[in-house]
Amino acid sequence: MITPLPELVGASELSEEELAPLPPGPSFLADLTIDYGPSPFVGEFLLRADATVRSIGISLELAPLSEIAVHNARVPARDWGPFSPILDTRVVKVPEGMGYCLLGRTRTKRVVVAQAGRIFDTANRSLQDMADDLSLYYGSEPFPGGEQPRFTLEDCPAARAIRGRFLYSGALWVHPEYRKLGLSALLPRISRVYALGTRNTQYTVTFVSDSIKQSKLMAQYGYPGSEGVYKIFYGGRHTYTGSLSYLTTSQMLDETRAFESGALAQIDRRIADRSRENQAAPVA
């Protein structure tokens, strides 16, 4: 099924300078080696997705996972609220090479999109096992001092089946001025395909709030559904309720292929149409 992208609009809502396609230049794919998955498809999708983002005027770069908290702190809470502690290196020590973030910058170097991922290699332990003993959040060594958040994951059969190597994906943010260009659909897929091609992930998992689960964003993110009850408690208060969403590698690849032939093609056509309109507009 083709994922709908009702948020796509014309160029009038953004400045001409920010929307102008970027000229050929460095890409986060320049030194990337695809070692896993169906490498031709993985490579071709990432190249096409990167070209789409560049045509909007944004250059993607890979950064350490810690950078997601840096940029989150710079953004007003009304535009980008707190993200999962699973991705917050101020709370948990993430082993080197087991986390990353994608940052998108305009030609003026401002960050306008972000997406983070953390890799888990659980061996024979399930996602539920790791949730129960809190290693899903903190690993084996949480930061000392201060109160740590408490978590629960209940009524979730899939969590007992998910094990091995998986990607936890989250902390997606798109600048308000760029929220009608399809990036909320594209960035999570770039992250998932990147993780498969470089880390051999078997699942992608995330926790979604009740408000997202009931909104159009759920379809745009590409997850088939959600289950279970996930809660966060902090400072003696219940601060978050959500559900587990996940994709197996096979589901993720099928969904990405459908997205590429449907919604991504739609984004590309809209961008091309917008470019032609801008070139044809009379100069005042």
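The values are calculated or read from the model by the stated rules, or taken from the named source; none is laboratory data. Source: prediction; values computed, not measured. Please note: Cβ atoms are built from the backbone with ideal geometry, for glycine as well, and neighbour counts cover all protein chains shown. Side chains included, ligands, DNA and RNA excluded: accessible areas come from the protein's heavy atoms. Shrake-Rupley method; radii C 1.70, N 1.55, O 1.52, S 1.80 Å.
A few comments on the model shown:
- For region 191-268, the list of trypsin sites (Lys or Arg not before Pro) that fall in a loop by DSSP and count at most 15 other C-beta atoms within 10 angstrom reads 216.
- Per-residue extension of 0.36 nm, minus the Cα-Cα distance of residue 209 and residue 93, leaves a gain of 39.3 nm for this segment.
- ³J(HN,Hα), Karplus 6.51/-1.76/1.60, whole Hz, each residue of region 187-196, x for Gly, Pro: 4, x, 6, 4, 5, 5, 5, 4, 5, 5
- Mean Cβ neighbour count within 10 Å, used as a protection proxy, ranking 28-37, 116-125 highest first: 116-125, 28-37
- Residue separation of residue 126 and residue 231 scaled by 0.36 nm, minus their Cα-Cα distance, works out to 36.0 nm of gained length.
- Taking only the Cα atoms of region 109-194, the radius of gyration and Dmax are 16.1, 44 Å.
- Portion, in percent, of the accessible area of region 129-271 that falls on carbon or sulfur, probe 1.4 Å: 49 percent
- Reachable lysines, given that their alpha-carbon falls under 30 Å from the alpha-carbon of residue 180 and they are not under 8 places away in the same chain: 109, 213, 216
- Packing-based ranking, highest mean first, of 150-162, 46-58 given that Cβ atoms within 10 Å are counted: 46-58, 150-162
- With protein chains left intact and a 1.4 Å probe, residues in region 40-195 average 39 Å² of accessible area per residue.
- When the alpha carbon coordinates of region 104-261 are projected onto the principal axes, the ranges are 42, 34, 30 Å, largest first.
- Computing FRET efficiency as 1/(1 + (r/R0)^6) for residue 36 and residue 218, where r is the C-beta to C-beta distance and R0 is 25 Å, gives about 0.35.
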